[in-house]
Amino acid sequence: MLIAGNWKLNTTLDASVRLAKAVADAVDGSECDVLVCPPFVSIDAVSNALLGTSVHVGAQNVSATDEGAFTGEVSAPMLRAVGCSHVIVGHSERRALFGETDQIVATKTARALAASVTPIVCVGETLEERRADRVSDVVEGQLAGALGDLSADQIGKVVVAYEPVWAIGTGETASPEQAQEVHALIRAWLSKRASNASDIPILYGGSMKPGNAAGLLAQPDIDGGLIGGASLKAADFAAIVAAADEAE
């Protein structure tokens, strides 16, 4: 199981360090892989604060280029140099608010892999697309757009996160059965392209919290969570990690 916290645009430097230390203390002894993704400006400090703990550090975004005249961008090699093991790629907020296309997501995924940073590639449908019965078309299209040009070996090194866009930040959550249906679809797509598809983590990323984590994580193709709001409280995040430990 992998439980990843996406702190989004929250926490100042000092608050990031305090939260990271609180998370490390709260999840000490867990058998899960635990990851926190603070804002860029806090990554180095959080990485140093977590030295000697079992908690890993990731980033929320990465540039599609490695260097050059790209003001404000942060590259995959830079992330690797400050201790990032993972990076979130193609989050629905990046797609909706910043116009990221499947091609941009594909390029960022490849850049991360080249720098030995594991990309957490996000896919998921809007409410309108679900109501139109287009879930499989949308999710498979995003998978093909992001991963279609990768080799089987490269695909085997990614993490996929299913984000029902209608359940992000709304308090709504896909039922365990709805989530499992899409996770199974993702697993089937991966199985056609990577020999280790059963080992590729597929995370659920739609408002997982302590109250619903156990039911979601009990599903056969849900291998963890990409946690938003609940990752900003160490106790809530630790409760989700505990639910993942129980589901192992």
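How much of the accessible area of the chain, probe 1.4 Å, is carbon plus sulfur, in whole percent? Don't jump to the answer; show the numbers that get you there.
On the way: 5470 of 10840 Å².
Result for the chain: 50 percent of the exposed heavy-atom area is carbon or sulfur.
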For the chain, place one equal point scatterer on every Cα, skip the solvent, and apply the Debye formula. What is log10 of I(q)/I(0) at q = 0.09, 0.13, 0.14 Å⁻¹? -0.34, -0.74, -0.87
Probe of 1.4 angstrom, ligands and nucleic acids ignored: what's the accessible area per residue over the chain, in square angstrom? 44
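What is the sum of charges around residue 86, taking Lys and Arg as +1, Asp and Glu as -1, for the other residues whose C-beta is under 15 Å from the C-beta of residue 86?
On the way: positive: 80, 108, 111, 157; negative: 33, 223.
Once all neighbours under 15 Å are counted, the net charge is +2.
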Return the whole-Å distance between the Cα centroid of the range 172-248 and the Cα centroid of the range 1-65. 19
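Tell me the mean residue ellipticity at 222 nm calculated for the chain from its helices only (DSSP H runs of n ≥ 4, each -39500 (n - 2.57), averaged over every residue, nearest 500).
Values: 11 runs with 107 residues, N = 248.
Roughly -12500 deg cm²/dmol at 222 nm, from the helical runs in the chain.
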Tail fraction, Cα-Cα pairs, the range 67-177, threshold 25 Å, whole percent: 25
3J(HN,Hα) from dihedral phi, the range 131-139, Karplus parametrisation 6.51/-1.76/1.60, rounded to Hz, x for glycine, proline: 5, 8, 6, 10, 4, 5, 4, 5, 5
Just flag the GluC sites (Glu not before Pro) in the range 63-108 sitting in loop per DSSP whose Cβ has no more than 15 other Cβ atoms within 10 Å. 67, 73
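The values are calculated or read from the model by the stated rules, or taken from the named source; none is laboratory data. What you see is a predicted model, and the numbers here were worked out from it, not measured in a lab. Note: ideal-geometry Cβ built from the backbone for every residue, glycine included; neighbour counts use all protein chains shown. Calculation scope for accessible area: heavy atoms of the full protein, side chains included, ligands and nucleic acids excluded. Shrake-Rupley method; radii C 1.70, N 1.55, O 1.52, S 1.80 Å.
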